[in-house]
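Read through the structure below, which is laid out as C-alpha coordinates, and then see the notes.
The values are calculated or read from the model by the stated rules, or taken from the named source; none is laboratory data. All values derive from a computational prediction rather than experimental measurement. With ideal geometry, Cβ positions are generated from the backbone for all residues, glycine too; neighbour counts draw on all protein chains shown. Ligands, DNA and RNA are excluded from the accessible area calculation, which covers all protein heavy atoms including side chains. Shrake-Rupley method; radii C 1.70, N 1.55, O 1.52, S 1.80 Å.
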Amino acid sequence: MAKLVPLANVEPDLIEQLLDRAFGPERLARTAYRMREGTHWLEALSFAALDEDDFLVGTIQVWPIALSDPQGRPHPMLMIGPVAVLPEHQGEGFGKALMLATLEAVGPDAQLPQVMIGDPDYYGRFFGFTAEHTSGWHCPGPNDPARLLMRCANPAVLPAEGMLGPWSTD
(Lines give C-alpha, C1' and ligand atoms only; values in the text may rest on other atoms or scores of the structure.)
Protein backbone atom coordinates (compact mmCIF):
# COMPACT_ATOMS: atom_id res chain seq x y z
CA MET A 1 0.00 0.00 0.00
CA ALA A 2 1.01 3.63 0.35
CA LYS A 3 4.36 4.57 1.70
CA LEU A 4 4.06 8.02 3.28
CA VAL A 5 6.96 10.42 3.65
CA PRO A 6 7.21 14.05 4.74
CA LEU A 7 6.33 16.29 1.81
CA ALA A 8 9.45 18.32 2.57
CA ASN A 9 11.46 15.31 1.28
CA VAL A 10 9.99 15.73 -2.22
CA GLU A 11 11.40 18.08 -4.86
CA PRO A 12 9.10 21.11 -5.22
CA ASP A 13 8.95 20.70 -9.01
CA LEU A 14 7.62 17.14 -8.62
CA ILE A 15 4.90 18.42 -6.27
CA GLU A 16 3.85 21.06 -8.81
CA GLN A 17 3.80 18.51 -11.64
CA LEU A 18 1.61 16.18 -9.58
CA LEU A 19 -0.80 19.03 -8.71
CA ASP A 20 -1.04 19.99 -12.38
CA ARG A 21 -1.84 16.40 -13.35
CA ALA A 22 -4.41 16.00 -10.57
CA PHE A 23 -6.19 19.36 -10.95
CA GLY A 24 -4.98 20.93 -14.19
CA PRO A 25 -2.84 24.03 -14.63
CA GLU A 26 -5.87 26.31 -14.05
CA ARG A 27 -5.78 25.20 -10.39
CA LEU A 28 -3.80 28.32 -9.49
CA ALA A 29 -6.88 30.49 -10.10
CA ARG A 30 -9.03 28.59 -7.60
CA THR A 31 -10.38 30.18 -4.44
CA ALA A 32 -8.37 27.82 -2.22
CA TYR A 33 -5.15 29.35 -3.55
CA ARG A 34 -6.38 32.85 -2.67
CA MET A 35 -7.23 31.73 0.86
CA ARG A 36 -3.62 30.79 1.56
CA GLU A 37 -1.82 33.31 -0.65
CA GLY A 38 1.56 34.38 0.69
CA THR A 39 1.85 31.51 3.18
CA HIS A 40 3.83 28.29 3.03
CA TRP A 41 2.45 24.84 3.76
CA LEU A 42 3.24 23.44 7.19
CA GLU A 43 5.96 20.81 6.89
CA ALA A 44 5.03 18.83 10.02
CA LEU A 45 1.48 18.24 8.75
CA SER A 46 2.07 17.72 5.00
CA PHE A 47 2.85 14.36 3.39
CA ALA A 48 3.55 12.57 0.11
CA ALA A 49 2.39 9.11 -0.93
CA LEU A 50 4.69 6.83 -2.88
CA ASP A 51 3.65 3.69 -4.75
CA GLU A 52 5.36 0.28 -4.47
CA ASP A 53 8.09 1.51 -6.85
CA ASP A 54 8.68 4.67 -4.76
CA PHE A 55 7.11 6.94 -7.39
CA LEU A 56 5.22 10.00 -6.18
CA VAL A 57 1.47 9.39 -6.58
CA GLY A 58 -0.13 11.76 -4.08
CA THR A 59 0.34 14.73 -1.77
CA ILE A 60 -1.47 16.56 0.98
CA GLN A 61 -0.66 20.02 2.23
CA VAL A 62 -1.81 21.94 5.31
CA TRP A 63 -1.73 25.73 5.40
CA PRO A 64 -2.09 28.44 8.08
CA ILE A 65 -5.23 30.47 7.42
CA ALA A 66 -7.55 32.58 9.55
CA LEU A 67 -11.19 33.51 9.70
CA SER A 68 -11.41 37.28 10.19
CA ASP A 69 -14.57 38.11 12.11
CA PRO A 70 -16.66 41.25 11.36
CA GLN A 71 -14.51 43.24 13.83
CA GLY A 72 -11.34 42.22 11.95
CA ARG A 73 -10.04 39.82 14.60
CA PRO A 74 -8.29 36.77 13.11
CA HIS A 75 -9.25 33.28 14.28
CA PRO A 76 -6.38 30.96 13.27
CA MET A 77 -7.20 27.71 11.49
CA LEU A 78 -5.56 24.98 9.47
CA MET A 79 -6.54 24.56 5.84
CA ILE A 80 -6.21 20.99 4.65
CA GLY A 81 -5.64 20.60 0.96
CA PRO A 82 -5.12 20.10 -1.72
CA VAL A 83 -5.38 16.35 -1.33
CA ALA A 84 -4.00 15.33 -4.72
CA VAL A 85 -3.64 11.88 -6.26
CA LEU A 86 -2.57 11.16 -9.83
CA PRO A 87 -5.64 10.31 -11.92
CA GLU A 88 -4.45 6.78 -12.69
CA HIS A 89 -4.08 6.05 -8.95
CA GLN A 90 -7.34 7.54 -7.69
CA GLY A 91 -9.57 5.07 -5.88
CA GLU A 92 -6.60 3.06 -4.60
CA GLY A 93 -6.63 4.49 -1.06
CA PHE A 94 -3.76 6.97 -1.39
CA GLY A 95 -5.94 10.00 -0.65
CA LYS A 96 -7.49 8.37 2.40
CA ALA A 97 -4.04 7.36 3.71
CA LEU A 98 -2.81 10.94 3.27
CA MET A 99 -5.83 12.37 5.11
CA LEU A 100 -5.43 9.91 7.98
CA ALA A 101 -1.71 10.75 8.30
CA THR A 102 -2.42 14.48 8.38
CA LEU A 103 -5.26 14.19 10.88
CA GLU A 104 -3.09 11.98 13.09
CA ALA A 105 -0.31 14.60 12.92
CA VAL A 106 -2.83 17.35 13.76
CA GLY A 107 -3.90 15.20 16.72
CA PRO A 108 -7.26 14.26 18.18
CA ASP A 109 -7.24 17.25 20.55
CA ALA A 110 -6.29 19.83 17.90
CA GLN A 111 -6.39 23.36 19.21
CA LEU A 112 -7.03 24.83 15.76
CA PRO A 113 -10.11 24.11 13.65
CA GLN A 114 -9.42 22.41 10.33
CA VAL A 115 -11.02 23.78 7.15
CA MET A 116 -11.14 22.35 3.65
CA ILE A 117 -12.98 22.63 0.38
CA GLY A 118 -14.24 19.21 -0.66
CA ASP A 119 -16.99 16.65 -1.05
CA PRO A 120 -19.15 16.91 2.09
CA ASP A 121 -20.37 13.30 1.90
CA TYR A 122 -16.89 11.79 1.64
CA TYR A 123 -15.05 14.06 4.08
CA GLY A 124 -17.96 14.02 6.51
CA ARG A 125 -18.37 10.26 6.55
CA PHE A 126 -14.71 9.35 6.90
CA PHE A 127 -13.16 12.33 8.68
CA GLY A 128 -15.87 14.31 10.50
CA PHE A 129 -15.89 17.46 8.34
CA THR A 130 -19.15 19.39 7.98
CA ALA A 131 -20.53 22.54 6.37
CA GLU A 132 -23.00 22.97 9.24
CA HIS A 133 -21.17 25.93 10.81
CA THR A 134 -19.61 27.59 7.76
CA SER A 135 -22.62 29.11 5.97
CA GLY A 136 -21.74 32.64 7.15
CA TRP A 137 -18.10 32.37 6.15
CA HIS A 138 -16.89 34.00 2.98
CA CYS A 139 -13.97 33.19 0.70
CA PRO A 140 -11.84 35.47 -1.51
CA GLY A 141 -13.39 34.14 -4.69
CA PRO A 142 -16.22 31.97 -5.93
CA ASN A 143 -17.10 28.93 -3.86
CA ASP A 144 -19.86 26.44 -3.25
CA PRO A 145 -20.92 26.93 0.42
CA ALA A 146 -21.84 23.24 0.70
CA ARG A 147 -18.19 22.34 -0.04
CA LEU A 148 -16.65 24.68 2.57
CA LEU A 149 -16.10 22.19 5.36
CA MET A 150 -14.84 22.45 8.91
CA ARG A 151 -13.79 20.08 11.67
CA CYS A 152 -13.59 21.43 15.21
CA ALA A 153 -14.11 20.04 18.70
CA ASN A 154 -16.18 23.08 19.74
CA PRO A 155 -17.51 25.08 16.77
CA ALA A 156 -19.51 27.32 19.13
CA VAL A 157 -16.32 29.28 19.90
CA LEU A 158 -15.97 30.37 16.25
CA PRO A 159 -17.62 33.41 14.70
CA ALA A 160 -20.74 32.70 12.67
CA GLU A 161 -19.56 35.20 10.04
CA GLY A 162 -16.21 36.17 8.62
CA MET A 163 -13.76 36.09 5.73
CA LEU A 164 -11.23 33.31 5.23
CA GLY A 165 -7.72 34.25 4.17
CA PRO A 166 -4.05 33.79 4.91
CA TRP A 167 -3.02 33.73 8.54
CA SER A 168 -0.45 36.41 9.06
CA THR A 169 1.28 36.85 12.39
CA ASP A 170 2.67 40.28 11.38
Residues within the stretch 159-170 that are surrounded by fewer than 19 Cβ atoms within 10 Å (Cβ to Cβ) and in contact with a strand residue (DSSP E or B) (Cβ under 9 Å, 6 or more places away or on another chain), tallied
7
Taking the condition of being surrounded by 14 or more Cβ atoms within 10 Å (Cβ to Cβ) and not in a loop (DSSP other than H, G, I, E, B), how many residues in the stretch 100-112 meet it?
6
Which one is nearest to Tyr33 (Cα to Cα), of the residues in the stretch 60-72 that are in contact (Cβ under 8 Å) with a residue 12 or more places away in the chain and out of contact with any Phe, Trp or Tyr (no Cβ under 7 Å at 6 or more places or on another chain)?
Ser68
The residue that is farthest from the chain's Cα centre (by Cα), considering only those in the stretch 124-152 that are hydroxyl-bearing (Ser, Thr, Tyr) and open to solvent by 30 Å² or more (accessible area, probe 1.4 Å), is Ser135
Among the residues in the stretch 61-84, are any of a type in the set (Gly, Ala, Ser), closer than 21 Å to Lys3 by Cβ and part of a loop (DSSP other than H, G, I, E, B)?
no
Take the residues in the stretch 2-60 that are open to solvent by less than 80 Å² (accessible area, probe 1.4 Å), assigned to a strand (DSSP E or B) and of a type outside the set (A, V, I, L, M); name whichever of them is farthest from Leu86 (Cα to Cα).
Pro6
